[in-house]
Amino acid sequence: MNTAIIKPQWSPLTITLMVLGFIVFWPLGLAVLGYILWGEKFGGTPEKAQAYWNKGCSFVGANKRHWNKGSYSMKSSGNAAFDEYRAEQLKRLEEERARLDAEIDAFHEYMANLNKAKDREEFDRFMNERRGGRQGYDEPNNGWSNNNG
């Protein structure tokens, strides 16, 4: 006999509890949301909850790829020649990746220097125009001169 007071379904009571849970302490609201979404899968018994948890863990364990410093960990295939070939290819790919990363860094440095040079040129032009107008230098005819001829 299922005598749960709060059923794992969208009802005004569960929504209110979820909102209050988020307001009071956000993990509590998250727990209520999880209960609303996945409460039926657990069925209310610890055995069903543990079975569901174990099923999820076995799925993740079976489909997990092991990473080791950016590459797949070396598991033996049972064939020494293939394992050697695979290690060689992975080493070659890591070297290529390192080379490409160095090229990216060099390009970013080049672009930064280019932007600095452009900024310096614009600033120098601004300062020359500003100094020229203030110190009375003769500038090309820009509409400020009284000479008509």
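Only the coordinates and a few stated rules stand behind these numbers; no lab work does. These numbers come from a predicted model, not from an experiment. Please note: Cβ atoms are built from the backbone with ideal geometry, for glycine as well, and neighbour counts cover all protein chains shown.
Basic side chains Lys and Arg get +1 at the Cβ, acidic Asp and Glu get -1 at the Cβ, and with that the dipole of the stretch 76-135 about its Cα centre reaches some 600 debye. Rg of the Cα atoms in the stretch 76-135, relative to 2.2 N^0.38 Å, amounts to 2.45.
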